[in-house]
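Student: The structure's right below; bear with me while I get my questions together.
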Amino acid sequence: MLEVKDLCKSFKNIYAVDHVNFTLDRGETLVIIGQSGSGKTTLLRMLNGLETPTSGEISGGTFGLVFQDFNLFPQYTALGNLMLAPRLLRRDYRKVGTSETSSPAVSSDRNSPGSSRTDPLGIEAYARQLLEKVGLGAKADDYPDELSGGQKQRVAIARALMLGPDVLCFDEPTSALDPQTTSEMVEILRQLKKEQAMIIVTHNMDVCAELADKKAVMQDGRLSFDTIIA
Amino acid sequence: MLVKVTLELLAGFRYNLIVFFATLVFAIPLGMVITFGEMSPIRPIRAFFRLAVWLIRGMPLMLQLFIVLYVPGLVFGMPFRQRLTAALIAFSVNYAAYFAEIYRGAIESIPPGQWEAGKVLGLSRSKVFFHIILFQVVRRSLPALGNEFITLVKDTSLARVIAVPEMLMKATEFTMKGLIWPLFYSGLFYLVATAALEVLFKRLERRFAHG
């Protein structure tokens, strides 16, 4: 279970995130709504190690982040974007998806029997599997500048899933998408929700209504769960 | 006569090519070192490299050729005997300063989200730089580097001011013997070299299309 305790971030004595507390169980989805500048993105950035908290504690899970503008690596194909970090970190995917484990391990074994010579750690096989899962199996060899906004986002989701995070965070997942693509994205998130804890920061009330197990409002850095969301 | 002039000019052009390629070999990596110095979080290091770039870019290359050739002899009593080596040092340092500014501009133009995406994926800063950022820096530097390479081809003729016997010096020797056309003919060699560079950079830009 993820636990965030008294988390604060201040810039020159102004609290961007002000004593935030919450817990999140495996498979739960927390949707955070709030105006621009309310501290939502700063909270996600702290959870993902992009900002150092001024005080407070985050415990009980690993995180992945799908950025608002995706931040795909333009020189790599969709498949290359998924494989880059696991290859550099030598993650082992040969047992991922079996009953033994659901997240990749760090490999210490370069040439285990039965592994393919071109894909000894099963990284490419797993990356292709994830691209299929987000409906982009046929786009594996396309570069980001050849993909639409919705497709880029799906690659970004698959890339974040590659490392098997306990909690997957989304920063405004529908803000850059048209209504049609937004409903496709909500469908993907609904599928994902069955097996993945998520924190979604959004302005979109429909997304909130569709996906939230827990809803919270962020205002002036404070997160409140007892505010009624229309 | 055309053959004799061509062979003479080619003998001189060999020096232009030596200066050109050796400058690239030294200036490309040295420029990267200067860039890191200019972007260092340590203020004295940053100030030192910025001052050096200002000094190098603020003075004519011709003057720098004289400085490298004569200052060691005047200050340390160790005059430079190898004029070609002096030219290579002056060219390399001068072009490294320009390359450094090109690299710095390219690095600063990379969206911070690229660094952050690498970090969120658990990559160290050096892995992010070498596997994600560097390619994009090269991609963004290519048009400006293409310009510098073409300028360098033409600048190699400056080596004659410290008596490196490059092509334009050879052409001028013909002029002193009353033959003016080799001077204009030498322009053809520069045109061929710059045309080859333009083709090369067009290909490189296609190779680096995504990024």
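Student: If I filter the stretch B:139-155 for residues that are more than 17 Å from the chain's Cα centre (by Cα) and surrounded by 17 or more Cβ atoms within 10 Å (Cβ to Cβ), do I get at least one hit? Lay out the reasoning, then the answer.
Tutor: Here is the first cut: in the stretch B:139-155, the ones more than 17 Å from the chain's Cα centre (by Cα) are B:139-140.
Add one more test, that the residue is surrounded by 17 or more Cβ atoms within 10 Å (Cβ to Cβ), and what stays is B:139-140.
Checked against the condition, which is being more than 17 Å from the chain's Cα centre (by Cα) and surrounded by 17 or more Cβ atoms within 10 Å (Cβ to Cβ), the stretch B:139-155 yields at least one hit.
Student: While we're looking at this one, here's another question. Among the helices (runs of 4 or more DSSP H) confined wholly to the stretch B:41-118, which include 2 or more residues that are under 30 Å from A:Gly64 (Cα atoms)? Give the derivation first.
Tutor: On the way: elements: B:43-58, B:61-76, B:83-109.
Answer list for the stretch B:41-118: B:83-109.
Student: Sort out which residues of the stretch B:69-121 are within 14 Å of chain A (Cβ to nearest Cβ) and within 26 Å of the chain's Cα centre (by Cα), and write them in order of number. It would help to see each step written out before you state the result.
Tutor: Narrowing the stretch B:69-121 to residues within 14 Å of chain A (Cβ to nearest Cβ): B:106, B:109-121.
Of everything in the stretch B:69-121, those that are within 14 Å of chain A (Cβ to nearest Cβ) and within 26 Å of the chain's Cα centre (by Cα) turn out to be B:Ala106, B:Ser109, B:Ile110.
Student: Hey, can you tell me all the residues within the stretch A:193-207 that are crowded, with 19+ Cβ neighbours inside 10 Å and among the hydrophobic types (A, V, I, L, M, F, W, C)?
Tutor: Answer for the stretch A:193-207, where residues must be crowded, with 19+ Cβ neighbours inside 10 Å and among the hydrophobic types (A, V, I, L, M, F, W, C): A:Ala197, A:Met198, A:Ile199, A:Ile200, A:Val201, A:Val207.
Student: Consider the stretch B:122-136. How many of its residues are part of a helix (DSSP H, G or I) and either more than 7 Å from chain A (Cβ to nearest Cβ) or among the hydrophobic types (A, V, I, L, M, F, W, C) (or both)?
Tutor: Just the residues of the stretch B:122-136 that are part of a helix (DSSP H, G or I), to begin with: B:125-136.
Next, from what is left, pick out any that are either more than 7 Å from chain A (Cβ to nearest Cβ) or among the hydrophobic types (A, V, I, L, M, F, W, C) (or both): B:125-126, B:128-130, B:132-135.
Final tally of qualifying residues: 9.
Student: Also: Go through the stretch B:156-180 and give me each residue that's of a type in the set (A, V, I, L, M) and within 27 Å of the chain's Cα centre (by Cα).
Tutor: From the stretch B:156-180, those of a type in the set (A, V, I, L, M) are B:158-159, B:161-164, B:167-169, B:171, B:176, B:179-180; that's our starting set.
Listed by number, the residues that qualify are B:Leu158, B:Ala159, B:Val161, B:Ile162, B:Ala163, B:Val164, B:Met167, B:Leu168, B:Met169, B:Ala171.
Student: Out of contact with any Lys or Arg (no Cβ under 7 Å at 6 or more places or on another chain), closer than 21 Å to B:His210 by Cα and hydroxyl-bearing (Ser, Thr, Tyr): is that true of A:Ser148 in this structure?
Tutor: Values: out of contact with any Lys or Arg (no Cβ under 7 Å at 6 or more places or on another chain): yes; closer than 21 Å to B:His210 by Cα: yes; hydroxyl-bearing (Ser, Thr, Tyr): yes.
Answer is yes for this residue.
Table: residues versus (1) touching a Leu at 6+ places or on another chain (Cβ under 9 Å); (2) buried (at least 22 other Cβ atoms within 10 Å of the Cβ); (3) of a type in the set (A, V, I, L, M, F, W, C); (4) in the same structural domain as A:Met218 (by TED's automatic domain parsing).
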site: A:Ile14; (1), (2), (3), (4): no, no, yes, yes
site: A:Asp18; (1), (2), (3), (4): yes, no, no, yes
site: A:Phe22; (1), (2), (3), (4): yes, no, yes, yes
site: A:Gly27; (1), (2), (3), (4): no, no, no, yes
site: A:Gly37; (1), (2), (3), (4): no, no, no, yes
site: A:Pro53; (1), (2), (3), (4): yes, no, no, yes
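Student: Now, a different point. Would you check which residues across the stretch B:81-113 are surrounded by 17 or more Cβ atoms within 10 Å (Cβ to Cβ) and either small (Gly, Ala, Ser) or without any contact (Cβ under 8 Å) to a residue 24 or more places away in the chain (or both) and list them?
Tutor: If the condition is that a residue be surrounded by 17 or more Cβ atoms within 10 Å (Cβ to Cβ) and either small (Gly, Ala, Ser) or without any contact (Cβ under 8 Å) to a residue 24 or more places away in the chain (or both), then B:Ala86, B:Ala87, B:Ile89, B:Ala90, B:Ser92, B:Ala96, B:Ala97, B:Ala100, B:Ala106 are the ones that fit.
Student: Considering only residues that are touching a Leu at 6+ places or on another chain (Cβ under 9 Å), part of a helix (DSSP H, G or I) and within 22 Å of B:Ile89 (Cα to Cα), which ones fall in the stretch B:155-179?
Tutor: Listed by number, the residues that qualify are B:Asp155, B:Thr156, B:Ser157, B:Leu158, B:Ala159, B:Arg160, B:Val161, B:Ile162, B:Met167, B:Leu168.
Student: Tell me yes or no: at least one residue of the stretch B:168-175 is surrounded by fewer than 17 Cβ atoms within 10 Å (Cβ to Cβ), under 15 Å from B:Phe149 (Cα atoms) and more than 14 Å from chain A (Cβ to nearest Cβ).
Tutor: no
Student: What tally of residues in the stretch A:124-165 results from selecting those that are acidic (Asp, Glu) and more than 14 Å from chain B (Cβ to nearest Cβ)? Walk me through how you get there before you give the answer.
Tutor: Within the stretch A:124-165, the subset acidic (Asp, Glu) is A:124, A:132, A:141-142, A:145-146.
Now restrict to residues that are more than 14 Å from chain B (Cβ to nearest Cβ): A:124, A:132.
Looking only at that region, the number is 2.
Student: Considering every residue within the stretch A:158-166, establish whether at least one is in contact with a strand residue (DSSP E or B) (Cβ under 9 Å, 6 or more places away or on another chain), farther than 17 Å from A:Leu24 by Cβ, modelled with pLDDT under 90 and not in a loop (DSSP other than H, G, I, E, B).
Tutor: No, the stretch A:158-166 contains no residue that is in contact with a strand residue (DSSP E or B) (Cβ under 9 Å, 6 or more places away or on another chain), farther than 17 Å from A:Leu24 by Cβ, modelled with pLDDT under 90 and not in a loop (DSSP other than H, G, I, E, B).
Student: If you don't mind, another one. Name the residue that is surrounded by the most Cβ atoms within 10 Å (Cβ to Cβ), counting only residues in the stretch A:71-95 that are free of Cβ contacts under 8 Å to residues at least 60 places away in the same chain and of a type in the set (Lys, Arg).
Tutor: Across the stretch A:71-95, the extreme among qualifying residues is A:Arg94.
Student: Right, next: Does A:Tyr76 fit the bill of being modelled with pLDDT under 95 and not basic (Lys, Arg)?
Tutor: Working: modelled with pLDDT under 95: no; not basic (Lys, Arg): yes.
So A:Tyr76 does not fit the description; no.
Student: While we're on this one: For the stretch A:167-210, which positions are within 14 Å of another protein chain (Cβ to nearest Cβ), in a loop (DSSP other than H, G, I, E, B) and in contact with a Ser or Thr (Cβ under 9 Å, 6 or more places away or on another chain)?
Tutor: Across the stretch A:167-210, the qualifying residue is only A:Glu172.
Student: Could you please find all residues in the stretch A:40-60 being more than 14 Å from every other protein chain (Cβ to nearest Cβ) and at negative phi?
Tutor: First, pick out the residues of the stretch A:40-60 that are more than 14 Å from every other protein chain (Cβ to nearest Cβ): A:40, A:43, A:53-60.
Once the filter is applied, which keeps residues that are more than 14 Å from every other protein chain (Cβ to nearest Cβ) and at negative phi, the stretch A:40-60 yields A:Lys40, A:Leu43, A:Pro53, A:Thr54, A:Ser55, A:Glu57, A:Ile58, A:Ser59.
The values are calculated or read from the model by the stated rules, or taken from the named source; none is laboratory data. Here the structure is a predicted model, which means the values were calculated and not measured. Every residue, glycine among them, receives a Cβ derived from its backbone with ideal geometry; neighbour counts consider all protein chains shown.
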